[in-house]
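*Asks:* Below you will find the structure I want to go over with you.
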2 protein chains.
Amino acid sequence: MVRAVGSANVLTDPDLTASYECDFSGRYRGHAAIVVRPADTSQVAAVIAACGRHHAPVVPQGGNTGLVGAGVPRDGEVVVSTTRLDQIGEVDSARGQVTVGAGATLAALQAAASRVGEDAGLDFASRESCTIGGVVACDAGGARALRYGTARARVAGLEAVLADGSVISRLAGLPKDNAGYDLVSLLIGSEGTLGIITRVRWKVVPQLRARVAALIPLHTAAEAGALLSALRAHAPSLESCEFFLDDGLQLVLDHQRRRSPVARRAPLYVLAECAARSDPTDELADALQRAGVEDALIADDSAGRERLWALREGITEAIKAAGIPHKLDVGVPLAQLDGFLARVPGAVAASGGGRAILFGHLGDGNVHVNVLGPEPDDTRVDDAVLDLALRCGGTISAEHGVGVMKARWLERALGAPELAAMRAIKHALDPHNLLNPGAVLTA
Amino acid sequence: MVRAVGSANVLTDPDLTASYECDFSGRYRGHAAIVVRPADTSQVAAVIAACGRHHAPVVPQGGNTGLVGAGVPRDGEVVVSTTRLDQIGEVDSARGQVTVGAGATLAALQAAASRVGEDAGLDFASRESCTIGGVVACDAGGARALRYGTARARVAGLEAVLADGSVISRLAGLPKDNAGYDLVSLLIGSEGTLGIITRVRWKVVPQLRARVAALIPLHTAAEAGALLSALRAHAPSLESCEFFLDDGLQLVLDHQRRRSPVARRAPLYVLAECAARSDPTDELADALQRAGVEDALIADDSAGRERLWALREGITEAIKAAGIPHKLDVGVPLAQLDGFLARVPGAVAASGGGRAILFGHLGDGNVHVNVLGPEPDDTRVDDAVLDLALRCGGTISAEHGVGVMKARWLERALGAPELAAMRAIKHALDPHNLLNPGAVLTA
């Protein structure tokens with residue numbers, strides 16, 4: 001291992017490995033045999049080959065911002081950190097693509113794209129820490145998936161090291177290429193269990209500088225759904241459509257020591273942002289009027305928009321400051337959103353109780369259920385919320401992935417045939433269960 | 001088998017099976033043991049289970065418009081025709097989705113979308129015959145992939161029968177759903193070798209009625225590349241950007257008994273179409289002016305646009321009327337397109353000779369090399385063209401798939417690690433090689 005990456009990049013001192021052994025939320029923690037920090041693809045391949053020879057299971061880790069326990073060791077695995085693979089190539093504006101190392105942060109990619117008038121087309125609050133390899137490995141989503149899709153939609157190709165140490169590479173970024181099975185798509189969202197992503201060919205989108213945001217207080221999720229339909233129909237510049245509830249707003253206001261920007265408090269708030277080549281303010285105002293919205297806070301300068309977004313993006317930090325949350329990321333069909341939101345408090349209460357804070361991406365039917373109170377290893381509330389999402393026709397994971405948190409839920413969520421197919425694929429590509437064992441699929 | 005689908009839907013009479021045993025181009029033909037026509041997913045599952053019990057290999061077939069021999073029998077397989085699975089559900093405009101049976105034609109889906117002001121977001125010349133199951137199974141592309149992506153980008157989910165007769169179903173169409181490996185993506189483009197697609201959850205796009213097309217005569221592919229860049233930069237309404245050469249134009253004019261609409265003939269023609277909510281003619285004219293185009297034929301009414309498109313879409317029929325072509329679909333990086341086009345005639349001449357007609361989708365670097373002259377089973381010209389595409393950094397299949405035509409080329413195109421991973425996946429999901437043996441992967 002030392003031969004592969006140099007002794008300075010094999011960490012064994014507990015003081016140095018500690019930060020790799022606990023997740024962002026504080027809920028998942030374990031012990032790493034060692035932490036290895038390869039610098040490039042060939043070093044990753046050498047590390048994986050060495051781990052294979054020694055039957056030493058591997059946990060790949062990017063920015064360690066994952067929320068389902070997939071990126072931290074459980075029981076003495078080798079942590080392979082990708083943060084040194086942080087090169088970002090030249091943005092090819094003619095083709096709208098750039099090759100990005102797995103360890104580059106989303107913020108670094110955003111900055112590189114912005115310098116040449118392009119946009120990464122993906123954004124969320126952990127942008128300064130999360131890495132592109134992890135973003136792709138868990139098919140991260142965020143607030144702008146409504147317009148641009150999840151990370152999957154941004155991937156024109158990738159390079160990865162498989163369990164046998166071999167390297168597959170599809171970095172040409174051809175717009176059409178259907179030669180053989182789409183291993184690229186299979187690796188996206190596989191959470192490091194089928195291969196370790198080392199580089200990504202990323203599709204940028206044109207940068208849209210003219211932006212306007214609106215915060216709209218509403219009474220029900222049904223009203224929010226109707227508003228979303230109106231925005232979709234009449235504001236093609238719609239880029240994000242988020243929601244949070246009043247107790248979440250209060251938590252953020254208390255944490256940020258701010259006064260409420262909305263005079264008239266309401267049960268639910270929608271935060272919508274439009275972006276276009278030319279000022280979309282009139283388009284947004286017209287769509288709001290057609291939706292019957294009378295009361296909205298409009299921000300058409302970047303400082304004002306940032307103040308509104310801080311209310312939505314600040315929820316995660318405010319929750320973290322209040323305790324170790326159970327972070328449950330689910331998705332439901334929009335028609336079921338009202339019922340789902342109404343039933344969460346009852347489900348939480350019936351499973352041992354706790355304080356549930358609900359927010360998320362309205363446009364995707366993606367709800368983040370954060371529950372404060374239960375002990376980290378008490379999974380009753382997790383089960384109750386995931387069960388409710390499935391009974392609403394939804395998914396147990398919208399954008400966080402399965403990780404170790406939801407692995408035992410996968411068969412119930414997908415059915416036996418789909419799980420059997422996934423197990424067969426895992427066994428075919430990683431017969432010795434070397435890569436991220438216990439994540440996605442139970443052992 | 002008769003019990004599964006009824007005797008009327010098990011065809012054995014050679015008069016009835018003949019049309020299932022030969023492909024559209026006439027190059028690929030074989031013998032089917034029987035042709036089975038199930039009516040729904042459970043019948044497909046019963047048929048596959050029965051074939052499994054009798055070790056009878058299966059060739060799935062949709063509209064039989066495939067061009068790489070993947071949909072016609074080779075040597076006594078059971079042909080499973082999906083054309084009776086032709087139901088199209090209600091288009092959900094709020095979510096922009098519709099559930100489509102695998103046997104519905106692309107034209108039928110386009111019509112269903114159009115009736116509610118939506119658009120299928122995919123189009124090509126075989127629209128009246130090709131089926132959605134086949135379109136997805138080979139990740140078809142076409143002229144509008146430049147704007148909307150290939151078939152893959154239109155799929156929000158699907159249902160399929162696996163080799164063991166089990167059914168997997170992801171038809172909820174959740175915008176974000178990353179629970180487990182993306183089997184949907186893996187099945188897209190697998191050409192019936194990993195499962196038989198029975199239903200597809202399809203993403204429609206807003207119908208754009210304001211359209212304008214332009215035919216631009218040019219001297220070189222380099223000029224065409226520069227024009228494409230200008231159109232991309234200045235005409236966001238750009239939807240298609242096609243090209244063909246002068247001998248292709250002459251072939252179509254002769255076949256259609258038409259006079260040339262372009263007064264001044266040139267070596268190469270670009271056909272561009274813009275579509276928007278409001279008339280994009282000024283935007284297109286401005287972009288053409290910025291690109292330095294002085295001579296363009298503009299069509300802003302549908303009759304005029306159809307006349308221009310008939311020149312491009314008529315090439316396939318005109319070639320078919322002239323003989324049995326070798327149809328080679330490749331993709332190259334745009335920067336290599338000029339060199340590729342220049343070197344094809346020499347490569348064809350050196351491999352036994354023939355008449356090469358070149359056309360395709362400029363925006364995707366996707367070239368259709370059609371060669372008339374060589375016998376159907378003489379593969380020297382195929383090898384020469386595929387080799388040239390790879391040496392230009394391209395792909396052996398942009399949008400037609402691998403089929404039986406290119407299976408033996410896959411290792412050279414992708415490398416041993418990627419091919420080994422594909423073989424492992426195939427073996428994991430179809431251990432007895434029941435589904436479309438010999439397509440994509442050589443036996």
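The values are calculated or read from the model by the stated rules, or taken from the named source; none is laboratory data. None of these values were measured; they are calculated from a predicted model. In this analysis, Cβ positions are derived from the backbone assuming ideal geometry, glycine residues included, and neighbour counts consider all displayed protein chains. Just so you know, the surface numbers come from the protein's heavy atoms only, side chains and all, with ligands and any DNA or RNA stripped out. Shrake-Rupley method; radii C 1.70, N 1.55, O 1.52, S 1.80 Å.
*Asks:* Check every one of the helices (runs of 4 or more DSSP H) wholly within the range A:95-211 and list those with 1 or more residues that are at the interface with chain B (Cβ under 8 Å from one of its Cβ atoms).
*Replies:* Helices (runs of 4 or more DSSP H) meeting the threshold: A:145-148, A:151-154, A:183-187.
*Asks:* Same structure again: Does the range A:7-27 hold any residues that are open to solvent by less than 60 Å² (accessible area, probe 1.4 Å), over 17 Å from A:Ala50 (Cβ atoms) and modelled with pLDDT of 95 or more, and which are they?
*Replies:* A:Thr17, A:Ala18, A:Tyr20, A:Glu21, A:Cys22
*Asks:* Also: Collect the residues in the range A:392-433 that are part of a helix (DSSP H, G or I), in contact with a helix residue (DSSP H, G or I) (Cβ under 9 Å, 6 or more places away or on another chain) and closer than 24 Å to A:Phe359 by Cα, keeping them in residue-number order.
*Replies:* Answer for the range A:392-433, where residues must be part of a helix (DSSP H, G or I), in contact with a helix residue (DSSP H, G or I) (Cβ under 9 Å, 6 or more places away or on another chain) and closer than 24 Å to A:Phe359 by Cα: A:Trp409, A:Leu410, A:Ala413.
*Asks:* Considering only the range A:328-352, state which residues are among the acidic types (Asp, Glu) and more than 25 Å from A:Ala407 (Cβ to Cβ).
*Replies:* A:Asp338
*Asks:* Any residue at all in the range B:249-265 that's open to solvent by 10 Å² or more (accessible area, probe 1.4 Å), facing chain A (nearest Cβ under 9 Å) and under 23 Å from the mean Cα position of the chain (by Cα)?
*Replies:* No.
*Asks:* Identify the residue in the range B:58-109 that is hydroxyl-bearing (Ser, Thr, Tyr) and either at pLDDT 95 or above or within 14 Å of the chain's Cα centre (by Cα) (or both) and, among all such residues, is nearest to B:Glu128 (Cα to Cα).
*Replies:* Checking each candidate, the answer is B:Thr105.
*Asks:* Has the range B:325-334 got any residue that is in a helix (DSSP H, G or I) and surrounded by fewer than 24 Cβ atoms within 10 Å (Cβ to Cβ)?
*Replies:* yes
Per-residue answers, yes or no, for (1) in a loop (DSSP other than H, G, I, E, B); (2) within 14 Å of chain A (Cβ to nearest Cβ); (3) small (Gly, Ala, Ser):
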| site | (1), (2), (3) |
| --- | --- |
| B:Thr65 | yes, no, no |
| B:Val68 | yes, yes, no |
| B:Val72 | yes, no, no |
| B:Val78 | no, no, no |
| B:Leu85 | yes, no, no |
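*Asks:* Looking for whichever is touching a residue at least 40 places away in the same chain (Cβ under 8 Å), open to solvent by less than 70 Å² (accessible area, probe 1.4 Å) and not in a helix (DSSP H, G or I) here; the options are A:Ala310, A:Ala226, A:Ala272. Which one fits?
*Replies:* That would be A:Ala272, the only listed residue that is touching a residue at least 40 places away in the same chain (Cβ under 8 Å), open to solvent by less than 70 Å² (accessible area, probe 1.4 Å) and not in a helix (DSSP H, G or I).
*Asks:* Moving to a separate point now. What residue, among those in the range B:171-217 that are free of Cβ contacts under 8 Å to residues at least 24 places away in the same chain and either open to solvent by less than 10 Å² (accessible area, probe 1.4 Å) or in contact with a helix residue (DSSP H, G or I) (Cβ under 7 Å, 6 or more places away or on another chain) (or both), is nearest to B:Asp286 (Cα to Cα)?
*Replies:* B:Pro175
*Asks:* Taking the range B:6-49 only, how many residues are within 30 Å of B:Asp378 (Cβ to Cβ) and not in a helix (DSSP H, G or I)?
*Replies:* Looking only at that region, the number is 14.
*Asks:* Quick check: is even one residue across the range B:204-215 charged (D, E, K, R) and over 30 Å from A:Leu410 (Cβ atoms)?
*Replies:* Taking every residue of the range B:204-215 in turn, at least one turns out to be charged (D, E, K, R) and over 30 Å from A:Leu410 (Cβ atoms).
*Asks:* What are the residues in the range B:193-215 that are farther than 30 Å from B:Asp164 by Cα and within 25 Å of the chain's Cα centre (by Cα), if any?
*Replies:* Matches in the range B:193-215: B:Val204, B:Val205, B:Pro206, B:Gln207, B:Leu208, B:Arg209, B:Arg211, B:Val212, B:Ala213, B:Ala214, B:Leu215.
*Asks:* Let me ask something else. Do we have any residue at all in the range B:230-237 that's touching a Lys or Arg at 6+ places or on another chain (Cβ under 6 Å), within 26 Å of A:Ala94 (Cβ to Cβ) and either part of a strand (DSSP E or B) or without any contact (Cβ under 8 Å) to a residue 24 or more places away in the chain (or both)?
*Replies:* Within the range B:230-237, none of the residues are touching a Lys or Arg at 6+ places or on another chain (Cβ under 6 Å), within 26 Å of A:Ala94 (Cβ to Cβ) and either part of a strand (DSSP E or B) or without any contact (Cβ under 8 Å) to a residue 24 or more places away in the chain (or both).
*Asks:* Next question, about the same structure. Failed condition for B:Val440, given (1) in contact with a strand residue (DSSP E or B) (Cβ under 9 Å, 6 or more places away or on another chain); (2) in a loop (DSSP other than H, G, I, E, B); (3) facing chain A (nearest Cβ under 9 Å); (4) aliphatic (A, V, I, L, M), with all others met?
*Replies:* (1)
*Asks:* Still on this model: If I ask for residues that are open to solvent by 40 Å² or more (accessible area, probe 1.4 Å), of a type outside the set (Lys, Arg) and part of a helix (DSSP H, G or I), which ones from the range A:313-324 would you list?
*Replies:* Passing the criteria: A:Glu313, A:Glu317, A:Ala321, A:Ala322.
*Asks:* Follow-up question, since we're still on this one. So is B:Ile357 aliphatic (A, V, I, L, M) and part of a loop (DSSP other than H, G, I, E, B) or not?
*Replies:* no
*Asks:* B:Gly66 - would you say it is out of contact with any strand residue (DSSP E or B) (no Cβ under 9 Å at 6 or more places or on another chain) and not charged (D, E, K, R)?
*Replies:* Criteria met by B:Gly66.
*Asks:* May I ask you to verify whether A:Ala4 is farther than 21 Å from A:Asn433 by Cα, touching a helix residue (DSSP H, G or I) at 6+ places or on another chain (Cβ under 7 Å) and either in contact (Cβ under 8 Å) with a residue 40 or more places away in the chain or surrounded by fewer than 18 Cβ atoms within 10 Å (Cβ to Cβ) (or both)?
*Replies:* yes
Table: residues versus (1) closer than 24 Å to B:Tyr181 by Cα; (2) modelled with pLDDT under 95; (3) facing chain A (nearest Cβ under 10 Å).
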{"site": "B:Pro345", "(1), (2), (3)": "no, no, no"}
{"site": "B:Ala356", "(1), (2), (3)": "no, no, no"}
{"site": "B:Gly363", "(1), (2), (3)": "no, yes, yes"}
{"site": "B:Val371", "(1), (2), (3)": "no, no, no"}
{"site": "B:Pro376", "(1), (2), (3)": "no, yes, no"}
{"site": "B:Thr395", "(1), (2), (3)": "no, no, yes"}
{"site": "B:Ala398", "(1), (2), (3)": "no, no, yes"}
{"site": "B:Ala424", "(1), (2), (3)": "yes, no, yes"}
{"site": "B:Asn433", "(1), (2), (3)": "yes, no, no"}
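*Asks:* Right, another one. The conditions are (1) free of Cβ contacts under 8 Å to residues at least 40 places away in the same chain; (2) in contact with a Phe, Trp or Tyr (Cβ under 6 Å, 6 or more places away or on another chain), and B:Val98 fails exactly one of them. Which is it?
*Replies:* Unmet condition: (1).
*Asks:* Evaluate the range A:242-253: report whether one residue or more is out of contact with any strand residue (DSSP E or B) (no Cβ under 9 Å at 6 or more places or on another chain) and either within 24 Å of A:Thr220 (Cβ to Cβ) or not in a helix (DSSP H, G or I) (or both).
*Replies:* Within the range A:242-253, one or more residues are out of contact with any strand residue (DSSP E or B) (no Cβ under 9 Å at 6 or more places or on another chain) and either within 24 Å of A:Thr220 (Cβ to Cβ) or not in a helix (DSSP H, G or I) (or both).
*Asks:* Is the range A:159-166 home to any residue that is open to solvent by less than 10 Å² (accessible area, probe 1.4 Å) and within 21 Å of B:Leu441 (Cβ to Cβ)?
*Replies:* yes
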